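First up is the structure itself, then whatever we jot down about it.
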Amino acid sequence: MTIENTIEMIPITKLQLSKANPRKSVDEKAIAGLAQSIRTDGLLQNLVVARPEGRKRKYPIISGERRYRALQHLIDTGDLPGDVSVPVEIREGLSEEETLRIATVENVQRVDLSPLEEAEAIKVLAHDGEKLGDIVAQTGLSESTIKRRLVLLELSETVKEALSSEQITLSQAEALSLASHEEQETLLPHIVGGWYSSAEDIREQILGDAPSVAMAVFDKAEYKGTYTADLLADDETTYFDDADQFYDLQKVAAEKMVEAFDKDHDWAELIEGSFSSAGYRQAKKGEAGGVIVSLSPEGRVDVHKGLIRQDIDTSVSDALKATPKATYAKPLCEYFAMHKSAAVQAELIKNPRTAKEIGVAQMLYRASAHGCLSYLRKEGTESAALDAINAEAVEIIGMLGELQEGAEYCSLGSLAHSFERAYDLVQKLKDDQLERLFVFLSAISFGQGPSFSNYGSTRHYALDTDEDSVFNRVALSLGVDMRRYWTPDEWFLGRRTMSQLGNILSQSGLSRLYGNGKDFKKTELVPMMVRYFNKVRTMTKPKGDQKQARDWLPEAMQFPAIDPDEVKEEDTTLTPESSLAEAA
């Protein structure tokens, strides 16, 4: 199709706003400001319109709605006649889809749309079959921004209104998109009221770790684990303690739902992860459509009916794919971190030098001097004490190999930009030098009033896979062997799926006793495995598979931890040949 452009003078009365325009809200103050600019300098940019078709008498505006409204404002104030003619660029030969695409792209490029308006505009381009790279090029938005905008389409109308009226922030709205519409409506008043302010708080409320009984779509008699309930003990506040067993049962039930829907609809599909409506449209009258059953990472099942698939490029659909369910949920990551931390602490107690290095490195990284020093330095008054402190600071900095011209006590803060950097610096020091640095850091942080020291915090909820992290380096230097401090227990094994337990049986040699575990109920298998692991760990001369069981560790208990979600191609568990002596 050939598209032709012409410039003509058209009476403003023959122009009309397009319903397809992505902009839904209008800033009246901005329009008044634009009108003043037009009155002073004239219309610097033509409006873009389409040629009327059929019996239509008015030209639909493709681009230039704000300029049109500003001209109307000047007419209303008497600055322009009601039938004033304006220069317009007429684009002919455009299909309805092309008109919508051009309007969308030009509005995103030329005018700051709200995030919701951008989301609807991006959806239009995606439904037009545009590739992700093309959408980036046409809109000027990054891939990350495009993905973040599209999640806003999953908000309920009430939440969308709250975002538009600035009752909630964009980051809060993005976090809310993880929830069902019902959950969004429940959380919204608490967010507006300030109970949950950060996006992280909202995600924590939505995702949590323990699935409620109300989420289950399977027969609860199939669940063999225990429950946790509050005093009311209703389904909303009663939780499955075994999240993995819940998820397995939920997935089987979701698959059965898909089979049932497939018989009565054009198609049915199970999606593991968050559902994105950007790839679909609602079926119109006369269209049956299909069904998506979505199983979220936390196990919530939602059903989306009457969907028609849209021809979206794979680059866009891939960008919207949800992260699969992690092998280790947050409680397990915390569990690993706590056991490993206690083990390292036990070894540090026996290694005073390393313990001192850690303590001084923490102090150096978070070096915080008492306010008296900055007070004296700011005032510029003579102070023998400050002079003595600065003189010592010069020698300390030189001792660290970082001598600086005109160094002062406050120069220490620029030496260690990270805990790792601080640890590197203190490891090079001799015993007396380490003691000297410790004394100096302790001294300058002490003074009248509260302490200003801040030693930071540690991450409990992630697998520490970084071999360069201080934690792992200390553990390796101390030769920490988790088998001296930890044995597979019921808390850990009880949170593994039957498939994962089968892998543990195979890797640890327990399969000789229990096979693949399928002949046992999970509530029977786990206690038996715990008893056997405890038994072999106390053996002084284990044989064969006893030695294999004694030596087994999950990859997450190693230093550094190995994330099974990142490394799949190799066997990362310790083998029977990795004896306690070798590991130490």
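The values are calculated or read from the model by the stated rules, or taken from the named source; none is laboratory data. The structure presented is a predicted model; accordingly, all values stated were derived computationally and were not measured. Please note: Cβ atoms are built from the backbone with ideal geometry, for glycine as well, and neighbour counts cover all protein chains shown.
Side notes on the structure shown:
- Residue pairs meeting the criteria (Cβ under 7 Å; at least 6 apart or on separate chains; first at pLDDT below 80, in region 134-161; second surrounded by fewer than 16 Cβ atoms within 10 Å (Cβ to Cβ)): Val136/Ser142; Val136/Glu143; Thr139/Gln109; Gly140/Gln109
- Candidate set from region 98-113 (those that are crowded, with 20+ Cβ neighbours inside 10 Å and over 19 Å from Ser315 (Cα atoms)); member that is modelled with the highest pLDDT: Leu113
- Residues that are closer than 17 Å to Thr327 by Cβ and polar (S, T, N, Q), drawn from region 291-307: Ser296
- Top-ranked residue in region 286-324 [being on the phi < 0 side of the Ramachandran plot, among the small types (Gly, Ala, Ser) and surrounded by 15 or more Cβ atoms within 10 Å (Cβ to Cβ); ranked as modelled with the lowest pLDDT]: Ala322
- Scanning region 6-40 for residues that are at pLDDT below 80 and either assigned to a loop (DSSP other than H, G, I, E, B) or closer than 27 Å to Lys123 by Cα (or both) yields Ser18, Lys19, Ala20, Asn21, Pro22, Arg23, Lys24, Ser25, Val26, Asp27, Glu28, Ala30.
- Residues within region 395-425 that are under 41 Å from the mean Cα position of the chain (by Cα) and in contact (Cβ under 8 Å) with a residue 40 or more places away in the chain, tallied: 13
- Within region 508-521, if we keep just the residues that are closer than 18 Å to Lys543 by Cβ and in contact (Cβ under 8 Å) with a residue 40 or more places away in the chain, the residue that is surrounded by the most Cβ atoms within 10 Å (Cβ to Cβ) turns out to be Ser508.
- The listed residue being closer than 15 Å to Leu17 by Cα, modelled with pLDDT of 80 or more and more than 33 Å from the chain's Cα centre (by Cα), out of Ile61, Ile75: Ile61
- Residues considered: Leu141, Leu187, Leu176, Leu170. Of these, the only one that is farther than 23 Å from Arg309 by Cα, surrounded by 15 or more Cβ atoms within 10 Å (Cβ to Cβ) and touching a Pro at 6+ places or on another chain (Cβ under 8 Å) is Leu170.
- Residues within region 262-296 that are out of contact with any strand residue (DSSP E or B) (no Cβ under 9 Å at 6 or more places or on another chain), more than 23 Å from Glu120 (Cα to Cα) and among the hydroxyl-bearing types (Ser, Thr, Tyr), tallied: 0
- Count of residues meeting criterion [touching a Gly at 6+ places or on another chain (Cβ under 6 Å), over 24 Å from Pro560 (Cβ atoms) and not hydrophobic (A, V, I, L, M, F, W, C)] in region 337-388: 1
- Screening region 525-563 for residues that are in contact (Cβ under 8 Å) with a residue 40 or more places away in the chain and of a type in the set (Phe, Trp, Tyr) and picking the one that is surrounded by the fewest Cβ atoms within 10 Å (Cβ to Cβ) gives Phe533.
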